[in-house]
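Here the structure is laid out as structure tokens; the discussion comes afterwards.
The values are calculated or read from the model by the stated rules, or taken from the named source; none is laboratory data. The structure displayed is predicted, hence computed values, not measured ones. Methodologically, a virtual Cβ is constructed for each residue, glycine included, from the backbone with ideal geometry; neighbour enumeration extends over all protein chains shown. Quick note on the areas: whole protein, heavy atoms, side chains included, nothing else; ligands and nucleic acids left out. Shrake-Rupley method; radii C 1.70, N 1.55, O 1.52, S 1.80 Å.
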Amino acid sequence: MSLYKNSPFLVLLVLSTYALASSVGVNLTASDSADRLSLSPAAPAVVVDSPVFKPGVDSLFSLNLLSSFPEDLEISDYCSDLLHIFGQRYVAYVNCLVTAARPVKVCQNCFSTYGSLMNIYNNISSDEMGPGNVSCRDSLLRSDHLMLVYLLYSNMEDIWTKSSCVNCITKGFQSLTNDTLYFISTLNQTLTCFEKYQQGNHTELCKDCKNAYRDLNELYSRMETNLTMCIDIEDSMNMTRRLWSKNFNCSFPREETVPVIAVSSFMLFLPIIFYLSSFLHSEQKKRKLIHPKRAKSYTTLMNIQDKLS
């Protein structure tokens, strides 16, 4: 009876105990989660606190391998200006070479830009001191293993040398030589004759342009012999010959071929003539040697017969 009366009180006691235990468990779980989050190795937090790398909005642009060096290791303002001018003239010469690649006109179109490039390089490589007793040769040409300025200029100089442009340009890079100008004039006359009959009958072209084409060939041969020819002249002559022979189907018999054929034929028959003359001469000599012996023997034989008779 007493247990039945106290049953509501026991039920309330059990519910209170359960609620208290649940609240404690919830608090412990929340605190553990917070501790785990604080102790977890979050990458952004570590990177931000890193003394080596601190990312930012402009982090990619703030890094520079050659950020700054002491003033005694940097080049002077005078050498920096020379390097800037060298870059401008180098670009100008390369652009000229590209536009003059086909048909080849690297000498007649680019000699002035190459002359400017050579002048600024001579200033850089000179032993003479600039403003403030500064020489840029060591700082710009020999300060590293690559020697980029020297390498760039050497490549351009090699192109100029292989093109033999020195044969077509005057000293000081002032203008084209007189021989080059005369060849260009003769070439233009020949090409003008080609254009006159290009759309018509090629037979008339071969006939009427023969003299102009022959004069051009003779001039080219003389320049080739005298070493006054550059790549521009060589390429233009090759293209003209290709037009004459392949495009227009013209032929040009050279006058010097006749003497060459005559001399070759004479040299071919010379051994035959030599052996034939030697044979005839030896036979004639034999007859001269044998004839007296035969005559003498015949006379002796007659004398012997007379004595016997």
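If you go through the range 225-236 one residue at a time, how many are open to solvent by less than 80 Å² (accessible area, probe 1.4 Å), farther than 16 Å from W160 by Cβ, in a helix (DSSP H, G or I) and touching an Asp or Glu at 6+ places or on another chain (Cβ under 9 Å)?
Number satisfying all stated conditions: 0.
Tell me which residues, restricted to the range 107-129, are under 26 Å from I184 (Cα atoms) and open to solvent by 70 Å² or more (accessible area, probe 1.4 Å). Within the range 107-129, just N109 meets the criteria. Here Q174 clears all of (1) more than 26 Å from the chain's Cα centre (by Cα); (2) under 16 Å from C107 (Cβ atoms) except the condition numbered (1).
Do the conditions hold for R222, that is, is it part of a helix (DSSP H, G or I) and at pLDDT below 95?
Criteria not met by R222.
Sort out which residues of the range 162-174 are on the phi < 0 side of the Ramachandran plot and of a type in the set (S, T, N, Q), and write them in order of number. Lay out the reasoning, then the answer.
Step one: list which residues in the range 162-174 are on the phi < 0 side of the Ramachandran plot, which gives 162-163, 165-171, 174.
Answer for the range 162-174, where residues must be on the phi < 0 side of the Ramachandran plot and of a type in the set (S, T, N, Q): S163, N167, T170, Q174.
The lone criterion from (1) assigned to a helix (DSSP H, G or I); (2) modelled with pLDDT of 95 or more left unmet by A101 is number (1).
Between S264, S297, the distinction of being of a type in the set (S, T, N, Q), part of a helix (DSSP H, G or I) and at pLDDT 60 or above belongs to S264 only.
For the residues V149, V134, V94, V104, the requirement of being touching a residue at least 40 places away in the same chain (Cβ under 8 Å), of a type in the set (V, I, T), open to solvent by less than 80 Å² (accessible area, probe 1.4 Å) and in contact with a Leu (Cβ under 8 Å, 6 or more places away or on another chain) singles out V149. Just one of the numbered conditions (1) closer than 30 Å to T240 by Cα; (2) without any contact (Cβ under 8 Å) to a residue 40 or more places away in the chain; (3) part of a helix (DSSP H, G or I) is not true of L117: (1). Within the range 194-204, none of the residues are in a loop (DSSP other than H, G, I, E, B), more than 19 Å from M239 (Cα to Cα) and modelled with pLDDT of 95 or more.
With respect to being surrounded by 11 or more Cβ atoms within 10 Å (Cβ to Cβ), more than 30 Å from V166 (Cβ to Cβ) and modelled with pLDDT under 85, Q284 falls outside the description.
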